[in-house]
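The values are calculated or read from the model by the stated rules, or taken from the named source; none is laboratory data. Here the structure is a predicted model, which is why all the values come from computation and not from measurement. Because the Cβ atoms are built from the backbone with ideal geometry, glycine has one as well, and the counts that use them run over all protein chains shown.
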Amino acid sequence: MRELSILKDQIEQGRQELSRLVDQYGIPNVKVLEQSMALDELINEYNRYSFRMNLKSK
């Protein structure tokens, strides 16, 4: 469960950074795109981990 908590924190930090970058550079910017992709990967990792945990509990 600690892993999920860490991932949630990283996702929240990633969201805040994405929002900051959008405010600073606007949406059509490579830095915004890179942060968006990094955030997507964190969310995917969270979903994969959560799915594995659900399978183990059954």
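Within region 28-39, being of a type in the set (Val, Ile, Thr) and either surrounded by 14 or more Cβ atoms within 10 Å (Cβ to Cβ) or touching a helix residue (DSSP H, G or I) at 6+ places or on another chain (Cβ under 9 Å) (or both) holds for one residue alone: VAL32. Suppose the filter is touching a residue at least 24 places away in the same chain (Cβ under 8 Å) and not hydrophobic (A, V, I, L, M, F, W, C); does GLY14 pass it? Yes, satisfied. The residue list LEU42, LEU4, LEU18 contains one member that is surrounded by 11 or more Cβ atoms within 10 Å (Cβ to Cβ), at pLDDT below 95 and assigned to a helix (DSSP H, G or I), which is LEU4.
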